[in-house]
Each structure stands twice: as C-alpha cells, then as structure tokens.
Amino acid sequence: MKRAERSFREEFSPGYYGICTIGGMLSAGTTHLAVTPLDVLKVNMQVNPIKYSSISSGFSALWREQGPSSLWRGWSGKLFGYGVQGGCRFGLYEYFKELYSNVLADQDKTFIFFLSSASAQVFADVALCPFEAIKVRVQTQHTFAKGLADGFPKLYKTEGLAGFYKGLCPLWGRNLPFSMIMFSTFEHSVDFIYGSIIKQRKQDCSRAQQLGVTCLAGYAAGAVGTVVSNPADVVVSSLYNKKAENVLQAVRKIGFVNLFTRSLPVRITLVGPVITLQWFFYDTIKVLCGL
C-alpha cells in the first residue's frame, strides 16, 4: 500500500501528472468563476468602448440597465471552460517541461519554459474554445442564451461546428504569448526570490514561505503576461461579437493603439489576482498531496 502511494506521488509519474492536472482544473476554474463580474465588464468594454468607457461607469451601466444578475453572465463557461483549460495548461506544462528538459538538455532554461508552455497551451485552447465561444456571446448578447446548456445547441444550429472554433487562432494569439511569458516569468521570479532575496534553497524554507514565494512570482507573471496578450484578447471579443469578419479587419477597425490600451486596466485588475490565486491554489494542492 505504501509502495503504491509512493509510486503515485513520485515526480513525473502518471499519478504526479494526474494531480497536476486536477490541481490546474480546480485552481483555474474556481478563480475564474470568482472574477466573472470583472470579465463581463471587460468583454463589454472591448465590444462597446464608448458606452463602457471605464470600470466604475461600466459597472454602473450594467447594474442599472440589466440588473445585478448580468454581472454573472457566462459563469458556467468560466467555471468549466477555464477549468478544462487550466487542467491542460498545468498538467501538460509539467509533462512537456520534463520531456524537453531531457530531449533538449543543452538548451537554455528560458527556451525550455517557452516551448513547454506553448505546447501545453495549444491543447488547452482547443479544449477552451467552445466554452469561450458561448461565454462571450452570453455576456454581450442578452438574447443569445442563458448559459452553456442552451448556448451549445443554439450555436451549433446556427453556425455549425465551425462556430465553436471561429476564435481559435486569435485565442492562440492571445494565450500562447501570455502562457509563455507567464510560465517563464514565474519560474525566473521564483529562482530570483529564493536566490537573491530569501537566500535559501526552496527545500530549506517552510511551507508558508514557499507559498508566499508562489504568490509573489504569480502576480508578477500575471501582470507581465497581461500586457503582452491584450491585443489578441481585444480581437477575440470583436470576432465573437461579429464586429469584424476576420483578424485583419478587426485590427483595422480597432486601431493599433487601442489594441494595447482598450480594457487593459480592467484586465490587469482581473488577471493579476487570478494568476496569483491560481498558482497559490495549485501549489497548495500539490503540497497537500505530498508532492
């Protein structure tokens, strides 16, 4: 029994990757669910920037015109969609990092982090895309559907299977650079904090100290990744709401400067704490499982 338990928890075993996947699902799904009101505001600011011009006025307009329940539109897409994405992102990142570290042993660590996170994110976004297609429509088109249960059959009926993956390439454009920057920044931040600030090895620190380092590195990773991925995030919202037919048309309509600035404050407010909590919950689950 003890031998089987050790095998299950052994690093880089199938059980290890299973725990990482479950940890990623729980941490990503719950944190994204918690910030649904901010996500609703962000998407509406991207689609209708004149009406929803700031965080305070945007919340006031949504509350006044559509009621408090409007702030939780798309909650099921956030919970399940980003839960599935988080499981693939974290679980596959751990797998690819070990794989590429062995195959590309002479390569720089940053290159390994970039390649591992990009490989994981490709699969994670394929899993997320159908949920994201429903979520964005539910949040911005009030008569489209109430959630996933009625949204999936309605979208399939009107647009077919292609409707679920219309935004896959922009989604990759948003999430691939974000994931690459996020994981690399996190890994390097952790090394910097232990090596230059705490000046102790990770294994010599208490669990509380280790989780504190996780939070600091997680926030830095989220903030940097948000700035890099903002243009693609704006384009995704434009495509899903039929403000443009393709990526090039969306870029021309939005404008170069607006790609980087539209909804950026609310995204930083949204993503920074979310990524921090994701890493905190993820590492906490691993610690509780004895990893």
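Here the spin labels are modelled as points 7 Å beyond Cα on the Cα-Cβ line, and at Lys154 and Val257 they lie 3.8 nm apart. Couplings 3J(HN,Hα) for the stretch 211-218, derived from phi with the Karplus relation 6.51 cos²θ - 1.76 cosθ + 1.60 (θ = phi - 60°), are 5, x, 4, 4, 5, 4, 5, x Hz, where x marks Gly and Pro.
Whole-Hz Karplus values for the stretch 97-112 come out as 4, 5, 4, 6, 5, 7, 6, 10, 4, 8, 7, 5, 4, 4, 4, 4 Hz, taken residue by residue from phi with 6.51 cos²θ - 1.76 cosθ + 1.60 and θ = phi - 60°; glycine and proline positions read x. Listed peptides 192-201, 146-155, 74-83 appear in the order 74-83, 146-155, 192-201 once ranked by packing, highest mean of other Cβ atoms within 10 Å at the front.
Expressed as a fraction of 2.2 N^0.38 Å, the value expected for a compact globular protein of N residues, the C-alpha radius of gyration of the chain is 1.04. The mean sequence distance of close C-alpha pairs (under 8 Å, at least 6 residues apart), as a share of the length of the chain, puts its relative contact order at 23 percent. Give me the angle, in degrees from 0 to 90, between the Cα long axis of helix 14-34 and the longest principal axis of the Cα atoms of the chain, rounded to the nearest 10. The answer is roughly 40 degrees. Past 18 Å, Cα to Cα, is the threshold; run Lys166/Lys243; Lys78/Lys146; Lys135/Lys243; Lys109/Lys199 against it and keep the listed order. Violating the 18 Å limit, Cα to Cα: Lys109/Lys199.
For Asp106 and Cys215, the difference between the fully extended length at 0.36 nm per residue and the C-alpha to C-alpha distance is 36.2 nm. The accessible surface of the chain, taken with every protein chain in place and a 1.4 Å probe, is 65 percent carbon and sulfur. At Arg207 and Arg64, where each label point lies 7 Å from the Cα along Cα→Cβ, what is the point-to-point distance in nanometres? Once both label points are built, they end up 5.0 nm from each other.
Ligands, DNA and RNA excluded, the heavy atoms of Lys109 present near 110 Å² of accessible surface to a 1.4 Å solvent probe. Once both labels are positioned 7 Å from their Cα atoms along Cα-to-Cβ, the gap between Lys146 and Ile198 label points is 4.8 nm. The phi torsions of the stretch 53-59, fed into the Karplus equation with coefficients 6.51, -1.76 and 1.60 and a -60° offset, translate into couplings of 8, 8, 5, 5, 5, x, 4 Hz, rounded to whole numbers, with Gly and Pro shown as x. Residue order by solvent-accessible surface for Glu159, Glu245 is Glu245, Glu159, largest first, with ligands and nucleic acids left out and a 1.4 Å probe.
The values are calculated or read from the model by the stated rules, or taken from the named source; none is laboratory data. Model, not experiment: these values are computed from the prediction. As a convention, Cβ positions derive from the backbone with ideal geometry for all residues, glycine included, and neighbour counts pool all protein chains shown. Heavy atoms of the whole protein, side chains included, go into the accessibility calculation; ligands, DNA and RNA do not. Shrake-Rupley method; radii C 1.70, N 1.55, O 1.52, S 1.80 Å.
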